Structure formats: C-alpha cells, structure tokens
Amino acid sequence: MKKRLVLILCFSFTAFLLNACGSSSENKEEVIVYNWGEYIDPDTLAMFEKETGIHVIYDEYETNEIMYPRLEAGASAYDVVCPSDYMIQKMIEKDMLSEINFEHIPNAKANIGEQYFIQSREFDPENKYSVPYCWGTVGILYNKTMVSGPIDSWSVLWDPQYTDNILMQDSVRDAFMVALKRKGYSMNTLDSKELEETKNDLIEQKPLAQAYVIDQVRDKMIGNEAAIGVIYSGEAIYTQRENENLEYVIPKEGTNVWIDSWVIPKNAPNKENAEKFIDFMCRPDIALLNFEYITYSTPNEEARKLIEDKEIQNSPIAFPTLSDYDHLETYQYLGEEGEAMYNELWKEVKSN
C-alpha cells in the first residue's frame, strides 16, 4: 500500500519455516513480527536482539488485506503486527487482539504524544489494543515545472490538461476517498447513492490517468514521468529529497489522516516478548532511527525533538498542524456488508 516495497528480508522465509514447524510457540526467547515491507530500520532489530537476547523473526506484507486473512486463518502465529487504523478496528471487533499491558510498555505513555492516543480512539475506543507507530496524511504530489495554476483541490485529478500525467492509488479505499472528498462526502460513507456517484466519477476519470499504481508513484514522480500523483506524506518527504521540483499539498476538501499501530494477536505465543519489543520501539532513540529510515511521521514526540534537521523537525508535511485543515478523517471499518459494497464498486471501476 503506502510503504516502499523491497525484497523480503532474508529472515522472512525463516519465519515461515519456523511457523510451519510449530517451533515458535516453544521458544520463549524469540519474538515473531509481521510488518509492512521496508517499514523499519533493520539496525533496530539487531539492536533489540543484542540488548535483550530475544531473537527477532521478521516477516513482511504488502497490504492490510493480505495481512488480515493470514492472521484470521491462524496458520501463522505472530507476536507483533502493525496494521492500519480501520483494520485494527476490524480485528478488535473480531476478537483477534490481546489487550496490551501498558505497565510493561512505559516508553509508550512517556514518549508518544497524547493526541495520537486520542486519535486512536476512533478505532481503538479505550486504547487497550494498540500503540501508535507511524502516522501521516494522503495528498497530492505535483511537479512545479509540469503544472499550471494552483494545486489545492482533488478536482485537479479530473483536469483534462493533465491527461496521461496523473497517477492514482491502486487501492479501493484510497481511490474512493479521493473521489468522495472531492464531492464533499465522508470517506467512510455507506450511502449507496453517494458511492454510485463516486464510482461513476472514477470511471469518468480513468482515461485521464496514466496509471493506477501503489509504490511506483514515488519513482515515477522522482523521474518526471508524471505531473501529479496521489501519495502518502512519508513518501512525499522522500521524493522531495530526490527531486527538488516536487511539492506536496493536502487538498482543501480534506483527506485521510492515518495511523499504523503495533498490536498483539490473541494467539501470540510470546506476549511478554512482544511487549518488550513494542516498548523498545517506543524509545526515542529507536523511534528516531526508524523515522530517518522510513521517513514516515513518528508520533514519538521525544524522538521528534532529537531530529537534527530543523527543517524536517518542523516540516508541515512530516508534522502538519492538523487543526489548520478542514474535513480530515480516519478510515473506519465499514463492516462486512460495507466492505463488500466498496469492493464490488471497485471491480466496476477497474473493469471499465
């Protein structure tokens, strides 16, 4: 989804083998982590192992939708997983998560900003099951040398002058979010008329788009292969380092503010080690290393203070003042019927 994908780390395959053999549940000096691709500094894993003596078995996934059925099936028992907001809500409702003992994770309360726990209540109402890891927004990345006029609205993605120069996200929720927000609708709507209208808008817009992509938007924008792209804020920070002509904007109609958080599955074989792992990741120095590696915004306020580059520390992309923007929302789990409705409409968009 919004993460930069690389080849699966070599010990990902080891994780699969150990899970298949069922040996992980017997060894209490290991922790089995399931995370997005390229979403952690590998050095922090080595540091954790060295400091605690707990071996990390690390596995990766590409999207929430790939991760979820694997956990639901119970074929692999993971200790720590990092889903997104709406997927955490779904897992809570399906009784798939273990309550976290925050007394075992003192670094969370000490270092993570209260605002992020407040935001998390939209999907974890009592803050029992999740610890914020990364957060950000979705917006428009544009090349200043390839556009004319102000870029401040989702409507620019429907502008014929940018035909074949527009990159859309190949994700049902993100694509519908863009089109729904453009019309002033909630990105969590279940109103059939609003969704039908939005589906038709996306079908109308498809001929203008160069491609529906996931991570390729980053490389295409860096390489001047497109003028405008829908992108996650963390990726925008990276692209600007590589191409000085790129700018990022949160459209005036509003957007998605997302949080990815650490959770512990109910069938975790090593819960104590899982809590040690999460606490370690909440340490300011470790959170800083992960921020510098993945460029996605950290909710760890003490880590933010350690960022030496003051321009990044105060970046409106990495750390926007959310009160400056209107109509911001966080994705919510829409229920099985809601998911089915979105997926069916998405199939119609993709098939036209």
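If a residue has to be assigned to a loop (DSSP other than H, G, I, E, B), over 16 Å from the mean Cα position of the chain (by Cα) and polar (S, T, N, Q) to count, how many in the stretch 307-334 make the cut?
Number of matching residues: 3.
Looking only at the stretch 133-146, which residues are more than 18 Å from THR321 (Cα to Cα) and outside any loop (DSSP other than H, G, I, E, B)? So that I can check it myself, show each step before the final result.
Taking the stretch 133-146 and keeping what is more than 18 Å from THR321 (Cα to Cα), we get 133, 141-146.
Of everything in the stretch 133-146, those that are more than 18 Å from THR321 (Cα to Cα) and outside any loop (DSSP other than H, G, I, E, B) turn out to be TYR133, LEU141, TYR142, ASN143.
Please go through the stretch 319-337 and give me each residue that is surrounded by 12 or more Cβ atoms within 10 Å (Cβ to Cβ) and closer than 20 Å to GLY184 by Cβ, ordered by number. Spell out the reasoning first.
Initial filter on the stretch 319-337 (surrounded by 12 or more Cβ atoms within 10 Å (Cβ to Cβ)): 319-320, 322, 325, 327-335.
Result: LEU322, TYR325, HIS327, LEU328, GLU329, THR330, TYR331, GLN332, LEU334.
Among the residues in the stretch 16-31, are any in a helix (DSSP H, G or I), modelled with pLDDT of 85 or more, touching a Ser or Thr at 6+ places or on another chain (Cβ under 7 Å) and not aromatic (Phe, Trp, Tyr)? Steps first, answer last, please.
The first filter runs over the stretch 16-31 and keeps only residues in a helix (DSSP H, G or I), leaving 16-21, 24-26.
Now restrict to residues that are modelled with pLDDT of 85 or more: none.
Within the stretch 16-31 (the criterion being in a helix (DSSP H, G or I), modelled with pLDDT of 85 or more, touching a Ser or Thr at 6+ places or on another chain (Cβ under 7 Å) and not aromatic (Phe, Trp, Tyr)), the answer is no, since none of the residues qualifies.
Has the stretch 260-271 got any residue that is under 27 Å from THR145 (Cα atoms) and in contact with a strand residue (DSSP E or B) (Cβ under 6 Å, 6 or more places away or on another chain)? Let's see the steps before the verdict.
In the first step, residues of the stretch 260-271 are kept if they are under 27 Å from THR145 (Cα atoms); the result is none.
There is no residue in the stretch 260-271 that is under 27 Å from THR145 (Cα atoms) and in contact with a strand residue (DSSP E or B) (Cβ under 6 Å, 6 or more places away or on another chain).
Considering each residue of the stretch 69-87, count those that are over 16 Å from VAL33 (Cβ atoms), out of contact with any helix residue (DSSP H, G or I) (no Cβ under 6 Å at 6 or more places or on another chain) and either free of Cβ contacts under 8 Å to residues at least 12 places away in the same chain or open to solvent by less than 20 Å² (accessible area, probe 1.4 Å) (or both), and give that number.
Number of matching residues: 4.
The conditions are (1) more than 30 Å from VAL147 (Cα to Cα); (2) surrounded by 17 or more Cβ atoms within 10 Å (Cβ to Cβ), and ALA340 fails exactly one of them. Which is it?
(2)
Just one of GLU302, GLU348 is in contact with a helix residue (DSSP H, G or I) (Cβ under 7 Å, 6 or more places away or on another chain), surrounded by fewer than 18 Cβ atoms within 10 Å (Cβ to Cβ) and at pLDDT 95 or above; which is it?
Numbers: GLU302 fails: surrounded by fewer than 18 Cβ atoms within 10 Å (Cβ to Cβ).
Checking each option against the conditions leaves just GLU348.
Only residues that are open to solvent by less than 50 Å² (accessible area, probe 1.4 Å), of a type in the set (Asp, Glu) and under 23 Å from TYR331 (Cα atoms): list them for the stretch 108-161, please.
ASP124
So that you can scan it fast, the table gives a plain yes or no per residue for (1) modelled with pLDDT under 50; (2) open to solvent by 60 Å² or more (accessible area, probe 1.4 Å); (3) touching a Phe, Trp or Tyr at 6+ places or on another chain (Cβ under 6 Å); (4) among the aliphatic types (A, V, I, L, M):
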| site | (1), (2), (3), (4) |
| --- | --- |
| LYS3 | yes, no, yes, no |
| TYR39 | no, no, no, no |
| ALA46 | no, no, no, yes |
| GLU51 | no, yes, no, no |
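What number of residues within the stretch 125-153 satisfy the criterion of being under 30 Å from LYS193 (Cβ atoms) and in contact with a Leu (Cβ under 9 Å, 6 or more places away or on another chain)?
Of the residues in the stretch 125-153, the ones under 30 Å from LYS193 (Cβ atoms) are 125, 137-140, 151-153.
Then drop every residue that is not in contact with a Leu (Cβ under 9 Å, 6 or more places away or on another chain), which leaves 137, 140.
Selection size over the stretch 125-153: 2.
Tell me, which helices (runs of 4 or more DSSP H) lie completely within the stretch 64-127 with 2 or more residues that are within 13 Å of VAL263 (Cβ to Cβ)? Walk me through it before giving the result.
Numbers: elements: 64-73, 85-93, 106-111, 114-120.
Once the helices (runs of 4 or more DSSP H) in the stretch 64-127 are filtered for at least 2 residues that are within 13 Å of VAL263 (Cβ to Cβ), what remains is 64-73, 85-93.
Would the stretch 111-127 turn up any residue that is in contact with a helix residue (DSSP H, G or I) (Cβ under 8 Å, 6 or more places away or on another chain) and over 25 Å from PRO320 (Cβ atoms)?
Taking every residue of the stretch 111-127 in turn, none turns out to be in contact with a helix residue (DSSP H, G or I) (Cβ under 8 Å, 6 or more places away or on another chain) and over 25 Å from PRO320 (Cβ atoms).
Hey, does the stretch 292-305 have a residue that's in a helix (DSSP H, G or I) and within 28 Å of ALA175 (Cα to Cα)? Walk me through it before giving the result.
Narrowing the stretch 292-305 to residues in a helix (DSSP H, G or I): 292-294, 301-305.
Restricting the remaining residues to those that are within 28 Å of ALA175 (Cα to Cα) gives 293-294.
There is at least one residue in the stretch 292-305 that is in a helix (DSSP H, G or I) and within 28 Å of ALA175 (Cα to Cα).
Checking the structure you have, find out if any residue of the stretch 271-279 is in a helix (DSSP H, G or I) and open to solvent by 80 Å² or more (accessible area, probe 1.4 Å).
To start, the set of residues in the stretch 271-279 that are in a helix (DSSP H, G or I) comprises 271-279.
Of the ones still in play, those that are also open to solvent by 80 Å² or more (accessible area, probe 1.4 Å) are 272, 276.
Checked against the condition, which is being in a helix (DSSP H, G or I) and open to solvent by 80 Å² or more (accessible area, probe 1.4 Å), the stretch 271-279 yields at least one hit.
Out of everything in the stretch 280-291 that is over 27 Å from ILE231 (Cβ atoms) and not in a loop (DSSP other than H, G, I, E, B), what residue ends up being most open to solvent (accessible area, probe 1.4 Å)?
Among them, the one singled out is ASP285.
The values are calculated or read from the model by the stated rules, or taken from the named source; none is laboratory data. The model shown is predicted, which means the values in this text are computed figures rather than measured ones. Glycine gets a Cβ as well: all are built from the backbone with ideal geometry, and neighbour counts include every protein chain shown. Please note that ligands, DNA and RNA were not included when accessible areas were found on the heavy atoms of the full protein model with its side chains. Shrake-Rupley method; radii C 1.70, N 1.55, O 1.52, S 1.80 Å.
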